[in-house]
Amino acid sequence: MSVPAPTPRHVLEGGKWVIPMDSLRVDKREEINAAHAAHVRGSTPVSLGFSMQFDTRDAMMVRGAIELAQAMGQSSIYLTDSENVNHVDVPIADAQTVLMEMMAAFATAHAKKQALRGAIDAATTPAELDAIGWDNA
(Lines give C-alpha, C1' and ligand atoms only; values in the text may rest on other atoms or scores of the structure.)
Protein backbone atom coordinates (compact mmCIF):
# COMPACT_ATOMS: atom_id res chain seq x y z
CA MET A 1 0.00 0.00 0.00
CA SER A 2 1.46 3.36 -1.00
CA VAL A 3 1.41 6.45 1.16
CA PRO A 4 -0.48 9.31 -0.49
CA ALA A 5 1.30 12.57 -1.19
CA PRO A 6 1.16 15.02 1.75
CA THR A 7 -0.11 17.73 -0.63
CA PRO A 8 -0.94 17.84 -4.33
CA ARG A 9 2.34 19.70 -4.86
CA HIS A 10 4.49 16.83 -3.56
CA VAL A 11 6.11 14.33 -5.90
CA LEU A 12 7.85 11.10 -5.07
CA GLU A 13 11.62 11.31 -5.63
CA GLY A 14 13.96 8.60 -4.44
CA GLY A 15 11.30 7.17 -2.17
CA LYS A 16 10.60 10.53 -0.48
CA TRP A 17 7.81 13.03 -0.95
CA VAL A 18 9.26 16.41 -1.93
CA ILE A 19 8.01 19.65 -3.38
CA PRO A 20 9.79 20.21 -6.71
CA MET A 21 12.31 23.07 -6.84
CA ASP A 22 10.36 24.76 -9.65
CA SER A 23 7.33 24.97 -7.39
CA LEU A 24 9.44 26.26 -4.49
CA ARG A 25 10.96 28.86 -6.81
CA VAL A 26 7.48 30.10 -7.78
CA ASP A 27 6.64 30.48 -4.08
CA LYS A 28 9.87 32.35 -3.37
CA ARG A 29 9.36 34.69 -6.36
CA GLU A 30 5.86 35.49 -5.07
CA GLU A 31 7.32 36.19 -1.61
CA ILE A 32 9.96 38.53 -3.07
CA ASN A 33 7.43 40.28 -5.31
CA ALA A 34 5.17 40.91 -2.31
CA ALA A 35 8.09 42.19 -0.23
CA HIS A 36 9.14 44.54 -3.05
CA ALA A 37 5.60 45.85 -3.42
CA ALA A 38 5.35 46.50 0.32
CA HIS A 39 8.74 48.21 0.33
CA VAL A 40 7.92 50.64 -2.47
CA ARG A 41 4.64 51.52 -0.79
CA GLY A 42 6.79 52.87 2.03
CA SER A 43 8.87 56.02 2.08
CA THR A 44 12.44 57.16 1.58
CA PRO A 45 14.30 60.04 3.25
CA VAL A 46 15.15 62.92 0.93
CA SER A 47 17.75 65.66 1.14
CA LEU A 48 15.23 68.31 2.21
CA GLY A 49 14.96 66.62 5.59
CA PHE A 50 11.70 64.68 5.30
CA SER A 51 10.55 61.40 3.75
CA MET A 52 8.58 60.90 0.56
CA GLN A 53 6.58 57.97 -0.69
CA PHE A 54 8.37 56.73 -3.79
CA ASP A 55 6.41 54.26 -5.86
CA THR A 56 5.91 55.05 -9.53
CA ARG A 57 2.60 56.81 -8.91
CA ASP A 58 4.18 59.13 -6.35
CA ALA A 59 7.06 59.95 -8.68
CA MET A 60 4.64 60.67 -11.54
CA MET A 61 2.68 63.05 -9.32
CA VAL A 62 5.81 64.98 -8.31
CA ARG A 63 7.04 65.05 -11.91
CA GLY A 64 3.65 66.33 -13.05
CA ALA A 65 3.65 69.07 -10.41
CA ILE A 66 7.13 70.15 -11.52
CA GLU A 67 6.19 70.18 -15.20
CA LEU A 68 2.95 72.07 -14.56
CA ALA A 69 4.75 74.68 -12.44
CA GLN A 70 7.39 75.13 -15.13
CA ALA A 71 4.73 75.48 -17.84
CA MET A 72 3.01 78.14 -15.73
CA GLY A 73 6.25 80.02 -15.13
CA GLN A 74 6.31 79.27 -11.41
CA SER A 75 9.59 78.95 -9.56
CA SER A 76 8.39 76.76 -6.70
CA ILE A 77 5.86 74.08 -5.80
CA TYR A 78 4.63 72.36 -2.67
CA LEU A 79 5.45 68.77 -1.83
CA THR A 80 3.41 66.54 0.45
CA ASP A 81 5.67 64.22 2.40
CA SER A 82 4.96 60.68 3.55
CA GLU A 83 3.36 62.00 6.75
CA ASN A 84 0.94 64.16 4.69
CA VAL A 85 2.74 67.35 5.72
CA ASN A 86 2.85 70.01 3.01
CA HIS A 87 6.17 71.71 2.36
CA VAL A 88 5.45 74.95 0.52
CA ASP A 89 7.64 77.16 -1.64
CA VAL A 90 9.98 74.33 -2.58
CA PRO A 91 12.16 75.66 -5.41
CA ILE A 92 11.76 73.71 -8.66
CA ALA A 93 15.44 72.68 -8.59
CA ASP A 94 15.00 71.23 -5.09
CA ALA A 95 11.81 69.45 -6.15
CA GLN A 96 13.70 67.95 -9.10
CA THR A 97 16.37 66.71 -6.69
CA VAL A 98 13.66 65.13 -4.53
CA LEU A 99 12.19 63.48 -7.62
CA MET A 100 15.59 62.04 -8.53
CA GLU A 101 15.98 60.73 -4.97
CA MET A 102 12.56 59.11 -5.14
CA MET A 103 13.38 57.54 -8.50
CA ALA A 104 16.76 56.34 -7.20
CA ALA A 105 15.06 54.67 -4.21
CA PHE A 106 12.66 52.90 -6.55
CA ALA A 107 15.49 51.86 -8.88
CA THR A 108 17.48 50.49 -5.93
CA ALA A 109 14.48 48.46 -4.77
CA HIS A 110 13.94 47.14 -8.30
CA ALA A 111 17.62 46.16 -8.61
CA LYS A 112 17.37 44.34 -5.27
CA LYS A 113 14.30 42.46 -6.49
CA GLN A 114 16.09 41.47 -9.69
CA ALA A 115 19.17 40.29 -7.76
CA LEU A 116 16.97 38.18 -5.50
CA ARG A 117 15.23 36.71 -8.54
CA GLY A 118 18.67 35.76 -9.87
CA ALA A 119 19.51 34.09 -6.56
CA ILE A 120 16.22 32.21 -6.72
CA ASP A 121 17.06 30.95 -10.20
CA ALA A 122 20.56 29.91 -9.06
CA ALA A 123 19.41 28.07 -5.94
CA THR A 124 19.77 24.31 -6.18
CA THR A 125 18.32 23.21 -2.83
CA PRO A 126 15.32 24.13 -0.70
CA ALA A 127 17.72 25.33 2.00
CA GLU A 128 19.32 27.79 -0.44
CA LEU A 129 15.86 29.09 -1.35
CA ASP A 130 14.93 29.43 2.33
CA ALA A 131 18.00 31.62 2.87
CA ILE A 132 16.79 34.12 0.25
CA GLY A 133 14.70 36.97 1.59
CA TRP A 134 14.07 40.67 1.20
CA ASP A 135 15.21 41.54 4.70
CA ASN A 136 18.44 39.56 4.59
CA ALA A 137 19.64 40.70 1.17
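The values are calculated or read from the model by the stated rules, or taken from the named source; none is laboratory data. As the structure is a prediction and not an experimental result, all values here were calculated from the model. Here Cβ is always computed from backbone atoms with ideal geometry, including for glycine, and neighbour counts include all displayed protein chains.
Please specify each residue of region 101-120 satisfying the condition of being closer than 30 Å to Ala131 by Cβ and aliphatic (A, V, I, L, M).
From region 101-120, those closer than 30 Å to Ala131 by Cβ are 104-120; that's our starting set.
Passing the criteria: Ala104, Ala105, Ala107, Ala109, Ala111, Ala115, Leu116, Ala119, Ile120.
Restricting attention to region 32-48, does a residue exist that is over 20 Å from Glu83 (Cβ atoms), of a type outside the set (A, V, I, L, M) and free of Cβ contacts under 8 Å to residues at least 24 places away in the same chain?
no
With respect to Arg57, is the statement that it is of a type outside the set (Asp, Glu) and either farther than 20 Å from Leu116 by Cβ or at pLDDT below 95 (or both) true?
On the way: of a type outside the set (Asp, Glu): yes; either farther than 20 Å from Leu116 by Cβ or at pLDDT below 95 (or both): yes.
When the stated conditions are applied, Arg57 passes them.
Quick check, is Ala93 free of Cβ contacts under 8 Å to residues at least 40 places away in the same chain, farther than 30 Å from Lys28 by Cα and among the small types (Gly, Ala, Ser)? Steps first, answer last, please.
Numbers: free of Cβ contacts under 8 Å to residues at least 40 places away in the same chain: yes; farther than 30 Å from Lys28 by Cα: yes; among the small types (Gly, Ala, Ser): yes.
Judged against the criteria, Ala93 is a match.
Please enumerate the residues belonging to region 110-121 that are in contact (Cβ under 8 Å) with a residue 40 or more places away in the chain and surrounded by fewer than 18 Cβ atoms within 10 Å (Cβ to Cβ).
Quick first cut of region 110-121, residues in contact (Cβ under 8 Å) with a residue 40 or more places away in the chain only: 110, 112-113, 116-117, 120-121.
Correct list: His110, Lys112, Arg117, Asp121.
In region 65-85, which residue that is hydrophobic (A, V, I, L, M, F, W, C) and part of a strand (DSSP E or B) is farthest from His36 (Cα to Cα)? I'd like the intermediate steps shown before the answer.
Step one: of region 65-85, the residues hydrophobic (A, V, I, L, M, F, W, C) are 65-66, 68-69, 71-72, 77, 79, 85.
Narrowing further to those that are part of a strand (DSSP E or B): 77, 79.
Numbers: Ile77: 30, Leu79: 25 Å.
The extreme case among them is Ile77.
Filter region 26-43 for residues that are surrounded by 16 or more Cβ atoms within 10 Å (Cβ to Cβ) and in contact with an Asp or Glu (Cβ under 7 Å, 6 or more places away or on another chain) and give the result.
Selection gives Val40 alone.
If the Cβ limit is 8 Å and pairs must be 6+ apart or interchain, which residue in region 1-14 that is free of Cβ contacts under 8 Å to residues at least 60 places away in the same chain pairs with which residue that is assigned to a loop (DSSP other than H, G, I, E, B)?
Cβ pairs passing all conditions: Thr7/Ile19; Arg9/Ile19; Arg9/Pro20; His10/Ile19; Val11/Ala5; Val11/Ile19; Val11/Pro20; Leu12/Ala5.
Quick check on region 110-137: of everything there that is among the polar types (S, T, N, Q) and under 21 Å from the mean Cα position of the chain (by Cα), which residue is modelled with the lowest pLDDT? Show your work before the answer.
Narrowing region 110-137 to residues among the polar types (S, T, N, Q): 114, 124-125, 136.
Of the ones still in play, those that are also under 21 Å from the mean Cα position of the chain (by Cα) are 114, 136.
Working: Gln114: 97, Asn136: 87.
It comes out as Asn136.
Inside region 29-71, can you point out the residues that are small (Gly, Ala, Ser) and more than 14 Å from Phe106 (Cα to Cα)?
In the first step, residues of region 29-71 are kept if they are small (Gly, Ala, Ser); the result is 34-35, 37-38, 42-43, 47, 49, 51, 59, 64-65, 69, 71.
Residues satisfying the conditions are Ala34, Ser47, Gly49, Gly64, Ala65, Ala69, Ala71.
Enumerate the pairs (first residue in region 122-137 and surrounded by 13 or more Cβ atoms within 10 Å (Cβ to Cβ); second residue anywhere and of a type outside the set (Ser, Thr, Tyr) and in a loop (DSSP other than H, G, I, E, B)) with beta-carbon separation below 6 Å, excluding pairs fewer than 6 apart on the same chain, so at least 6 apart or on different chains.
Matching pairs, first to second residue: Leu129/Ala123.
Here's the yes/no breakdown for (1) crowded, with 16+ Cβ neighbours inside 10 Å; (2) within 24 Å of the chain's Cα centre (by Cα); (3) closer than 20 Å to Val40 by Cβ:
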| position | (1), (2), (3) |
| --- | --- |
| Gln70 | no, no, no |
| Gln74 | no, no, no |
| Val88 | no, no, no |
| Met102 | yes, yes, yes |
| Thr108 | no, yes, yes |
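Let me confirm something: among Val88, Val98, Val3, Val62, which residue is assigned to a strand (DSSP E or B), more than 28 Å from Ala131 (Cβ to Cβ) and aliphatic (A, V, I, L, M)?
Numbers: Val98 fails: assigned to a strand (DSSP E or B); Val3 fails: assigned to a strand (DSSP E or B); Val62 fails: assigned to a strand (DSSP E or B).
Exactly one of Val88, Val98, Val3, Val62 is assigned to a strand (DSSP E or B), more than 28 Å from Ala131 (Cβ to Cβ) and aliphatic (A, V, I, L, M), namely Val88.
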